[in-house]
Amino acid sequence: MPKIVVTGGCGFIGSNFLVRFVPKMTDSTFVNVDKLTYAGNPASVAEIANALNYEFARVDIADAEAVRALFDDVRPDWVFHFAAESHVDRSILGPREFFLSNVIGTVNLLEACRHLWKTADGHVFHHVSTDEVYGSLGAEGAFTETTPYDPSSPYSASKAASDHAVRAYHRTYGLPVVVTNCSNNYGPRQFPEKLVPLMILNALEGKPLPVYGRGANVRDWLYVEDHCDAILAAATRGAPGSTYNIGGSCELANLDVVHAICDAVAEGTGKDPAALRRLVTFVADRPGHDFRYAMDTAKIRAELGWEPRETFATGMKRTVRWYLDNPAWVDGVRTGEYRKWMETNYSGRTTR
Ligand code: NAD
Ligand code: DAU
């Protein structure tokens with residue numbers, strides 16, 4: 001009966017991971033370790049909160065003593081490490097928190113595992129990371145697991161540092177780690193500062209849809225449940241010390257994503273799609289904005305047989321439906337802090 005610590009389980013991907021696997025893996029005990037920052041929302045895990053194999057612990061992973069005490073108490077067999085400051089724009093306006101949570105926080109977890117795990121057998125530290133560590137692509141090519149790191153933002157620099165720390169603990173101490181680097185996720189329970197939920201909610205409310213630059217930057221999109229399945233496959237079947245790239249093989253320019261969201265919102269509500277598209281407003285670009293990300297996912301497909309199940313069309317339809325069906329969740333996250341962030345990030349961007 002493995003004991004599993006999931007850090008950041010009240011955030012977007014961590015909550016989807018728990019909601020997906022706590023009911024399926026009843027022979028495992030899950031402990032959700034989360035600081036509950038602005039991005040952490042207990043309502044995201046409400047449907048499993050009373051499960052017999054689930055517990056919650058409010059802990060800041062940047063607090064080494066608190067992490068050590070928790071791990072000595074729980075004595076986890078596996079760790080799935082999702083917790084991080086995750087929003088690129090916030091990292092540009094305030095980088096420090098990103099290095100505390102993402103770098104020091106990761107090192108504190110690694111240290112706790114190093115002290116607890118006397119052998120590698122039966123253990124895994126799964127580090128959830130991003131394609132942004134590889135930097136920016138031009139029009140051609142894709143990142144592989146051996147592409148050199150070249151991060152652009154304070155967020156991606158902090159994630160790159162944490163990836164290096166995780167691999168160093170494997171090489172130096174033999175800690176059984178697996179690293180996955182994934183492209184842009186979308187789906188239920190995503191905090192509406194990110195492109196997809198922000199555009200869905202603004203379109204529903206007839207508000208402007210702020211597109212950075214001319215909307216030409218390209219991202220690769222993956223439905224969050226497909227990411228969760230890939231993480232479980234890599235953690236349980238990947239070799240210790242290995243890295244896997246994860247992605248949807250679904251490259252889209254941002255403006256095309258926003259248009260697709262307008263169409264999905266129109267389909268879900270009966271609104272006029274052309275009127276929704278007219279809400280697009282081009283605003284000042286993100287400093288250091290990476291032009292394009294694309295993932296070569298041949299390794300995880302060949303070694304672990306993982307494939308995404310959702311297409312962008314089916315995944316977006318499910319995502320829009322979730323936001324329409326969960327107005328209480330939306331109201332709960334759009335607090336005063338959220339309104340302050342929207343004001344801070346968007347009021348300084350000149351409309352062209
Ligand atoms: P999120 O911002 O939605 O959630 C982050 C969670 O971590 C929140 O619950 C927050 O309270 C918690 N947290 C933050 N700092 C903490 C700390 N110091 N101690 C304890 N808990 C803390 O993030 P997300 O989008 O779910 O991303 C999860 C992970 O996946 C991150 O490591 C991110 O880098 C990575 N990732 C995200 C994407 C994406 O598209 N969202 C893609 C690839 C990788
Ligand atoms: O690639 C994986 C990464 O994807 C994760 O590691 C990050 O945690 C996650 O936040 C995400 O980063 P992005 O910067 O790509 O996501 P974001 O939703 O902020 O922006 C997606 C694209 O849309 C990006 O090119 C910037 C643009 N954008 C974003 C916002 C919020 C806009 O044009 N307008 C906006 O209002």
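In the list 165, 160, 66, which residue meets the criterion of being assigned to a helix (DSSP H, G or I), within 14 Å of ligand 1 (Cβ to nearest atom), of a type in the set (A, V, I, L, M) and under 21 Å from residue 217 (Cβ atoms)?
Going through 165, 160, 66 in turn, just one is assigned to a helix (DSSP H, G or I), within 14 Å of ligand 1 (Cβ to nearest atom), of a type in the set (A, V, I, L, M) and under 21 Å from residue 217 (Cβ atoms): 160.
Of all residues in the range 178-192 being surrounded by 23 or more Cβ atoms within 10 Å (Cβ to Cβ) and either near ligand 1 (Cβ under 6 Å from one of its atoms) or not in a strand (DSSP E or B) (or both), which is nearest to the chain's Cα centre (by Cα)?
Out of the qualifying residues, it is 185.
What residue, among those in the range 193-206 that are within 12 Å of ligand 1 (Cβ to nearest atom) and part of a helix (DSSP H, G or I), is farthest from residue 314 (Cα to Cα)?
First, pick out the residues of the range 193-206 that are within 12 Å of ligand 1 (Cβ to nearest atom): 193-197.
Checking the rest, the ones that are also part of a helix (DSSP H, G or I) come to 195-197.
Working: 195: 18, 196: 14, 197: 16 Å.
Across the range 193-206, the extreme among qualifying residues is 195.
Does any residue of the range 64-87 turn out to be within 16 Å of ligand 2 (Cβ to nearest atom), buried (at least 22 other Cβ atoms within 10 Å of the Cβ), touching a residue at least 24 places away in the same chain (Cβ under 8 Å) and farther than 30 Å from residue 1 by Cβ?
Checked against the condition, which is being within 16 Å of ligand 2 (Cβ to nearest atom), buried (at least 22 other Cβ atoms within 10 Å of the Cβ), touching a residue at least 24 places away in the same chain (Cβ under 8 Å) and farther than 30 Å from residue 1 by Cβ, the range 64-87 yields at least one hit.
For the structure I just gave you, tell me whether residue 114 is more than 10 Å from ligand 1 (Cβ to nearest atom), surrounded by fewer than 22 Cβ atoms within 10 Å (Cβ to Cβ) and in contact (Cβ under 8 Å) with a residue 24 or more places away in the chain.
It is true that residue 114 is more than 10 Å from ligand 1 (Cβ to nearest atom), surrounded by fewer than 22 Cβ atoms within 10 Å (Cβ to Cβ) and in contact (Cβ under 8 Å) with a residue 24 or more places away in the chain.
State which residue is farthest from residue 53 (Cα to Cα) when the search covers only the range 23-42 and only residues that are of a type in the set (Ser, Thr, Tyr) and under 19 Å from the mean Cα position of the chain (by Cα).
Of everything passing the filter in the range 23-42, 38 is farthest from residue 53 (Cα to Cα).
Name the residues in the range 331-352 that are in a helix (DSSP H, G or I) and either more than 20 Å from residue 90 (Cα to Cα) or touching a Gly at 6+ places or on another chain (Cβ under 6 Å) (or both), would you?
Passing the criteria: 331, 332.
Restricting to the range 14-60, name every residue that is surrounded by 22 or more Cβ atoms within 10 Å (Cβ to Cβ), touching a residue at least 40 places away in the same chain (Cβ under 8 Å) and in a helix (DSSP H, G or I).
The answer is 14, 15, 16, 17, 44.
Out of all the residues in the range 208-218, is one or more within 20 Å of the chain's Cα centre (by Cα), near ligand 2 (Cβ under 9 Å from one of its atoms) and more than 19 Å from residue 83 (Cβ to Cβ)? Spell out how you get there, then give the answer.
Initially, the range 208-218 is screened for residues within 20 Å of the chain's Cα centre (by Cα), giving 217-218.
This time we only want the ones that are near ligand 2 (Cβ under 9 Å from one of its atoms), so: 217-218.
Applying the additional criterion that residues be more than 19 Å from residue 83 (Cβ to Cβ) yields 217-218.
Yes, the range 208-218 contains at least one residue that is within 20 Å of the chain's Cα centre (by Cα), near ligand 2 (Cβ under 9 Å from one of its atoms) and more than 19 Å from residue 83 (Cβ to Cβ).
Is there a residue being in contact with a strand residue (DSSP E or B) (Cβ under 9 Å, 6 or more places away or on another chain) and within 14 Å of ligand 1 (Cβ to nearest atom) anywhere in the range 324-343?
no
Please indicate, with yes or no, whether at least one residue in the range 262-272 is of a type in the set (D, E, K, R) and over 24 Å from residue 226 (Cα atoms).
Yes, because at least one residue in the range 262-272 is of a type in the set (D, E, K, R) and over 24 Å from residue 226 (Cα atoms).
For the structure I just gave you, tell me whether residue 99 is under 16 Å from residue 9 (Cα atoms) and either in a loop (DSSP other than H, G, I, E, B) or more than 12 Å from ligand 2 (Cβ to nearest atom) (or both).
In short, no.
Quick check on my filter: what residues within the range 295-306 are without any contact (Cβ under 8 Å) to a residue 60 or more places away in the chain and closer than 16 Å to residue 184 by Cα?
Matches in the range 295-306: 297 only.
Within 16 Å of ligand 2 (Cβ to nearest atom), closer than 30 Å to residue 246 by Cα and surrounded by fewer than 14 Cβ atoms within 10 Å (Cβ to Cβ): is that true of residue 348 in this structure? Break it down into steps so the answer makes sense when it comes.
Values: within 16 Å of ligand 2 (Cβ to nearest atom): yes; closer than 30 Å to residue 246 by Cα: no; surrounded by fewer than 14 Cβ atoms within 10 Å (Cβ to Cβ): yes.
So residue 348 does not fit the description; no.
Mind listing whichever residues of the range 106-137 are within 15 Å of ligand 2 (Cβ to nearest atom) and more than 15 Å from residue 240 (Cβ to Cβ)? Write out each step before concluding.
Restricting attention to the range 106-137, the residues satisfying the condition of being within 15 Å of ligand 2 (Cβ to nearest atom) are 106, 127-137.
The answer is 106, 128, 129, 130, 131, 132, 133, 134, 135, 136, 137.
Taking the stated definitions as given, is residue 308 exposed (fewer than 15 other Cβ atoms within 10 Å of the Cβ) and within 30 Å of residue 134 (Cα to Cα)? Full working, then the answer.
On the way: exposed (fewer than 15 other Cβ atoms within 10 Å of the Cβ): no; within 30 Å of residue 134 (Cα to Cα): yes.
For residue 308, the condition - exposed (fewer than 15 other Cβ atoms within 10 Å of the Cβ) and within 30 Å of residue 134 (Cα to Cα) - is not met.
Values in this text are rule-based calculations from the coordinates and carry no lab data. Note that the coordinates shown come from a computational prediction; the quantities given were computed from them, not determined experimentally. Neighbour counts run over all protein chains shown; Cβ positions are idealised from the backbone, glycine included.
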